[in-house]
Amino acid sequence: MRERDSGGLPYLYLAPALLLLAFLSLLPNLYSVWLAFTNYSLNHYSDYSFVGLRNFARILQGPEAATFARVFAWTVVWAGASVLLSLGLGLFLAILLNNSHLKGRTFYRTIFILPWAIPAFISVMMWQGLLNTEFGAINLLLANLGLDQALAAVVGLFTKDPVATPIAWLNTPGWSHIAVLAVNVWLAFPFQLTTCLGALQSVPSDVYEAASVDGATAGLQFRRITVPLLRSALLPVLLSSFAFNFNQFAAIYLLTAGGPAVPGSEAGATDILITYSYKLAFNLFQYGMACAYAIFIFILVATLSGVNFKLTGAFEDAN
Amino acid sequence: MRRLLLVFALLLCASVGCSSTTGQADAVRLWTGLDAEYPVIEKVVADFQQRTGIQVRMLKVPFEQLRNKFLIAAPADLGPDLVIGPQDWVGVLATAGQLEPIPQEVLPGEDFVPVSVQAVTFQGQVYSVPLFMECNALFRNTTLMPERPRSIPDLVARATAIQQADPSIKGFYFDLQEPYFAWPFFSAEGAWLLGEKDGRTDPFDVGINNPGSVRAAEFLRSLRMEHHLIPPGASENISRTLFQEGRAAVIINGPWMLKDAKAAGVPYAVDPFPPTASGGQPRPLVGVQGIMLNRRAAHRTEALKLIDHLASVDSTVAISQASGRPPVRRGALERIQNDPDIATFAMIAEQGTPMPSHPAVNAIWVPLKSALELITTGKSPADVELSATDERIRQKIQLMLE
């Protein structure tokens, strides 16, 4: 009886979700793939036509192909470092918060989730103010603690030129890389913290008890129990955060707009591929070319993620 | 049960299909991104509805989304009849083929100040009926600097003296890396954004690489590197805050700041730009907001009546008083003379540089901003950087126009 009834009904139940998926995700993406092969732009707004691979050729052979390589390298560093640093901080805090002896855990958890609860646009603008060279709270704090000279002196040992104080966080290459990364880690760690906490809580406490009885140190427990058990839960999250940070437009664009400027190049020092292509194509109403960039970025992210999957065996346990 | 579900699903589809047509109610539709002026425009429109019996449906769209929203909605026949926006949308929307040139009946007449009509003219045709204009001026704290400077060097000398006497005060502060605020000095030395040929914008005639523009860029660098007036990281936001807290003697800003300046209680004056060292007159960029007509307007006749009403002397005086931005018609300008700030802005705007309406101007801002950053921080000599930037801008314009 159950067999007969199920006929087409499951499909009907699925239909709304599938329809939504098709209209909101599949069709727009297919449409943008098509646009990447056209000259769709402001000048060809209603009469655009198929131009083959021209948009892709322009990206690869353009006058700024060398810039593309520099921006690509920084994008990989940016996405990789963002993920690793935010995971490191998130995991560290999660392990502390997972300790049942800690008083006021709920309070700390709430505090640490806050950066996540504030819309990124607002907090990035806030950081822009905090990091301002002359009036920003960060430099005022450093100066009041007398740390700015010390920091500049230490960093100055590793650079050719002496470091000027107050530090121009958002206006000098190097410092601006550190600043955008720090802000992005601040934005991203609550997510990693929550994921780690969830995964940690699924690890049964008797495993640790047994390990303690056997005389394992905390470090050994972390390496032999926590890390292996968290791995399968965290790897997929890491890969998707990498892809997300690869295209983290808001953090870069709102904080430095890709700057500071680099002589002889359209891309600034902190420009990532998505902000760079925005300047090159979308800002100039070159929609076809913007789509080609998007596909290019998609291929790059997909390749990097694929390599990651293979190397880490991310979904082995699931299979 | 299954049949019931199917019927329900069909009904749902049908209602989704229909809702797109119910949007075409029998009313003139107007979209605007204006904020401070919105309540006044609402009142003016209500007055129009009462007088003519024509229904108007207004929609307030966040300013930075409005242009693209219109660009997507209009070809699908979902756009409004009228849209209010600045002159730099004119070239973009007209190139995309979504605007109708302003028809004879409501074409701006002789009583509109020339700069305003120039700004909304694209390829020889007027695409917008100007409502008001805006440009930069010098805001001077009259306690810190009681006398109006006679020239730009005079201003710099006084600003430096003020700053030396009290390092917590900024003598002369603005975002000199932002082309919009730097442009007065470029225009004074004879630089131009896009030139003209036979009464039309020539998108390949970019005028930022010449002895004049090099002089202007070097002057800006001297403000930072020699006179130490403007450190890196200066922004429009900071300039406003400093001025309102009485910690800046002179800043460059626009009429949108008038309300906050008054509220802050700092004694101030709005000054026109004095001449530069070479005797050139700085002419800031003039933006003009106006009403544009959708090429596929469903209620064209009624829409034209609404344009006429919105752009009338009475309406534009009311709009100006709400925002501090000067109106563009002589009759309206006469009536705002009692407000010295708006009157000063009107005077500066009339002698300003009309902001180009051509879309090619979008290829200039980002590279020019980078160039100004590199030059004013001493990373690159002005002539080298401007020449390279000029080259890059031309390539971009070439790409845009093919």
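General remarks:
- For segment A:40-54, filtering for residues that are within 11 Å of another protein chain (Cβ to nearest Cβ) and more than 21 Å from B:ARG67 (Cβ to Cβ) leaves 2.
- Residues of segment B:285-301 that are over 17 Å from B:SER116 (Cα atoms) and small (Gly, Ala, Ser): B:ALA297, B:ALA298.
- Residue match in segment A:97-110 (condition: in contact with a Lys or Arg (Cβ under 9 Å, 6 or more places away or on another chain), surrounded by 13 or more Cβ atoms within 10 Å (Cβ to Cβ), away from every other protein chain (no Cβ under 14 Å) and in contact (Cβ under 8 Å) with a residue 24 or more places away in the chain): yes
- Checked against the criterion of being farther than 21 Å from B:ASP271 by Cα and either of a type in the set (A, V, I, L, M, F, W, C) or assigned to a helix (DSSP H, G or I) (or both), segment B:331-352 contains one or more residues that satisfy it.
- In segment B:48-60, the residues that are surrounded by 13 or more Cβ atoms within 10 Å (Cβ to Cβ) and free of Cβ contacts under 8 Å to residues at least 12 places away in the same chain: B:GLN49
- Entirely in segment A:146-238, the helices (runs of 4 or more DSSP H) that have 2 or more residues that are at pLDDT below 85, closer than 30 Å to B:ALA234 by Cβ and small (Gly, Ala, Ser): A:147-156
- Index of the failed condition, A:PHE121 passing every other in (1) surrounded by 14 or more Cβ atoms within 10 Å (Cβ to Cβ); (2) within 14 Å of another protein chain (Cβ to nearest Cβ); (3) touching a residue at least 12 places away in the same chain (Cβ under 8 Å): (1)
- Checked against (1) under 24 Å from the mean Cα position of the chain (by Cα); (2) buried (at least 18 other Cβ atoms within 10 Å of the Cβ); (3) more than 14 Å from every other protein chain (Cβ to nearest Cβ), A:TRP127 passes all but condition (3).
- Selected residue (criterion: surrounded by the fewest Cβ atoms within 10 Å (Cβ to Cβ)) from residues of segment B:369-402 that are within 7 Å of chain A (Cβ to nearest Cβ) and of a type in the set (Gly, Ala, Ser): B:ALA388
- B:LYS379 vs. criteria over 22 Å from the mean Cα position of the chain (by Cα) and within 30 Å of B:LEU78 (Cβ to Cβ): no
- Some residue of segment B:324-336 being among the charged types (D, E, K, R), closer than 30 Å to A:PRO173 by Cβ and without any contact (Cβ under 8 Å) to a residue 24 or more places away in the chain: no
- Selection from segment B:381-402 of residues that are assigned to a loop (DSSP other than H, G, I, E, B) and within 30 Å of A:ALA290 (Cα to Cα): B:GLU402
- Residues that are over 28 Å from B:PHE186 (Cβ atoms) and either among the acidic types (Asp, Glu) or not assigned by TED's automatic domain parsing to the domain that holds B:THR276 (or both) number at least 2 in the following strands (runs of 3 or more DSSP E) confined to segment B:82-171: B:82-86.
- Within segment A:283-298, the residues that satisfy the criterion of being under 17 Å from B:VAL92 (Cα atoms), within 10 Å of chain B (Cβ to nearest Cβ) and either free of Cβ contacts under 8 Å to residues at least 40 places away in the same chain or assigned to a helix (DSSP H, G or I) (or both) are A:ASN283, A:LEU284.
- Residues (among the hydrophobic types (A, V, I, L, M, F, W, C) and surrounded by 15 or more Cβ atoms within 10 Å (Cβ to Cβ)) located in segment B:37-47: B:VAL40, B:ILE41, B:VAL44, B:VAL45
- Unique match (being surrounded by 14 or more Cβ atoms within 10 Å (Cβ to Cβ) and not in a helix (DSSP H, G or I)) among B:LEU66, B:LEU71, B:LEU34: B:LEU34
- Some residue of segment A:225-236 being surrounded by 15 or more Cβ atoms within 10 Å (Cβ to Cβ), under 30 Å from A:ALA168 (Cβ atoms) and away from every other protein chain (no Cβ under 14 Å): no
- Residue check for B:ALA277: in contact with a helix residue (DSSP H, G or I) (Cβ under 7 Å, 6 or more places away or on another chain), surrounded by fewer than 19 Cβ atoms within 10 Å (Cβ to Cβ) and of a type in the set (A, V, I, L, M, F, W, C): yes
- Of all residue pairs spaced 6 or more apart or on separate chains, none has beta-carbon atoms under 8 Å together with a first member in segment B:346-359 that is within 15 Å of B:GLY85 (Cα to Cα) and a second member that is part of a loop (DSSP other than H, G, I, E, B) and of a type in the set (Lys, Arg).
- Residue satisfying all of: in segment A:264-282; part of a loop (DSSP other than H, G, I, E, B) and more than 8 Å from chain B (Cβ to nearest Cβ); surrounded by the fewest Cβ atoms within 10 Å (Cβ to Cβ) among these: A:SER265
The values are calculated or read from the model by the stated rules, or taken from the named source; none is laboratory data. Fair warning: this is a prediction, and the values are worked out from it, not measured in the lab. We place every Cβ from the backbone using ideal geometry, glycine too, and count neighbours over all the protein chains shown.
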